[in-house]
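Asks: Input: one structure, supplied below.
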Amino acid sequence: MGTVNRLIVIVLFEGVDLLDVTGPPEVFSLVPRETAERVGYEVVLAAETTAPVTTAAGVRILPDTTFRDVAERAIDTLLVPGSVEVDSERRIHPITDPGTVAWVKALATRTRRVTSVCVGAHILAAAGLLDGKRATTHWSTAQRLAADHPAVRVDPDPIFIREEGEVWTGAGISACLDLSLALVAEDFGEQVALRVARQLVMYLKRPGGQSQFSVPLDRVSPTRRIEDLRHHILNNIGRRLTVPDLAAYAHVSDRQLTRIFKTELGTTPHAYIESARVELAGNLLETTDDTLERVASVCGFGTVDTLIRAFRRRLATTPSEYRARFRAAPVREASEAE
């Protein structure tokens, strides 16, 4: 029995962002390695002609086929990348070539699932595929998307959004990997997606509701010692973590530990621990029905009041407000009042 592949068509056009095109296939290509069955994806690059396409990075890409030819096939996923032009006054203008928009609109009728990466959402919107739907895009063009397409409910915060009718939109730019992992999870399960993320050495497989301006996007230390400490904190996040405890683990003095965090991470041990706990709490609020008491306990806050204060301090919101905003599916009403 041969490999069963789902056809993914990636749309190409002049000036397209290179990572939007090459990032997702890197994710999809790892699926056969991480599954026991002979399943995976067939990724095809399509453009109006088979002539080389010059990306925004100046790298030329050779399409596999034309829009017209691929329209004869049953497409599982149509993936629409994006790009922008910057004028002399440094204003950003998403590229929405009319020919590309027309083909996306036509191909969408033959596609089970339509997705956009980064500012590719502007192409979907121009094709009328986002009308009445909630959508996201790169934060820098969110206002423009809302202004140009009032029928689209633009939310600039999430990393990606899935709407009814199998329409997905993703933020940019590296968020194309998160979106691709979410597609893998839908098709082959969470465990396969997590194994793929591990192969990509991704720090975290982020859920779609997570904000583009999220806590873990902080400075990365160049030294092994601080990285060991970071992993120790994450592995023991639900326990009591003090400066003396961390200093003993790292075999340094309390003062030296504080200096290491300040120099290499630009923060204090206490602030870093709190940010890590808020990050984990946010993930739980987005992906589980856990009560606030449970979230506070698992994340090491101890009490709901401490959890609430940390969210107000770090994210200027409350845990319940965060869950209501970023949770993709309805959850049971929490019993805790904030």
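The values are calculated or read from the model by the stated rules, or taken from the named source; none is laboratory data. Quick caveat, the model's predicted, so the values are computed rather than measured. Heads up, the Cβs are rebuilt from the backbone with ideal geometry, glycines too, and the neighbour counts pull from every protein chain shown. Ligands, DNA and RNA are excluded from the accessible area calculation, which covers all protein heavy atoms including side chains. Shrake-Rupley method; radii C 1.70, N 1.55, O 1.52, S 1.80 Å.
Asks: Kindly provide the GluC sites (Glu not before Pro) of the stretch 36-83 that DSSP labels as loop, not H, G, I, E or B, and whose Cβ sees at most 15 other Cβ atoms within 10 Å.
Replies: Those satisfying the criteria are E37, E72.
Asks: Determine the share of the chain's accessible area contributed by carbon and sulfur atoms, expressed in whole percent, with a 1.4 angstrom probe.
Replies: Carbon and sulfur together cover 51 percent of it.
Asks: With a point put 7 Å past each Cα toward its Cβ, work out how far L194 is from A71 in nm, to one decimal.
Replies: For the pair L194/A71, the computed spacing is 4.4 nm.
Asks: To the nearest 10 degrees, how steeply does helix 304-315 sit against the main Cα axis of the chain, on a 0 to 90 scale?
Replies: Taking the Cα atoms of the chain, the angle to 304-315 is about 50 degrees.
Asks: Working from Cα positions, state the angle (0 to 90°, nearest 10) between the long axis of helix 254-265 and the longest principal axis of the chain.
Replies: 10
Asks: In nm, what is the difference between 0.36 nm times the number of residues separating A106 and N236 and their Cα-Cα distance?
Replies: On the way: separation 130, 0.36 × 130 = 46.80 nm, distance 5.14 nm.
Computed gain between A106 and N236 is 41.7 nm.
Asks: So what's the back-of-envelope 222 nm ellipticity for the chain, counting only DSSP H runs of four-plus at -39500 (n - 2.57) apiece and dividing by all residues, rounded to 500?
Replies: -12500 deg cm²/dmol
Asks: Follow-up. Using r as the Cβ-Cβ distance of A51 and S140, and R0 as 45 Å, what FRET efficiency do you calculate, to the nearest 0.05?
Replies: The calculated FRET efficiency here is 0.90.
Asks: If you take the square roots of the eigenvalues of the alpha-carbon gyration tensor of the stretch 100-185 and sort them as a ≥ b ≥ c, do you get rounded (a/c under 1.5), prolate (a/b over b/c) or oblate?
Replies: oblate
Asks: Using a basic spin-label model with each label point 7 Å from the Cα along Cα→Cβ, how many nm lie between E321 and E85?
Replies: Between E321 and E85, the label points sit 4.1 nm apart.
Asks: Would you kindly state how much longer the chain becomes between D131 and H270 on full extension, computed as 0.36 nm times their sequence separation minus their alpha carbon distance, in nm to one decimal?
Replies: That works out to 45.5 nm of additional length.
Asks: What's the percent breakdown of Cα-Cα distances in the stretch 238-291 across 5 Å bins, shortest bin first?
Replies: 4, 19, 22, 21, 13, 9, 7, 4, 0
Asks: Checking a compactness column here: for the chain, what do you get for Rg(Cα) / (2.2 N^0.38 Å), N being the number of residues? The partial results should precede the final answer.
Replies: Values: Rg = 22.0 Å, N = 338, 2.2 N^0.38 = 20.1 Å.
Working it through for the chain, the quotient is 1.09.
Asks: Convert each backbone phi in the stretch 63-72 into a coupling constant with the Karplus relation 6.51 cos²θ - 1.76 cosθ + 1.60 (shift: θ = phi - 60°), then list the ³J(HN,Hα) values in order as whole Hz, x for Gly and Pro.
Replies: Ordered by residue, 3J(HN,Hα) equals x, 7, 7, 9, 4, 4, 6, 6, 5, 7 Hz.
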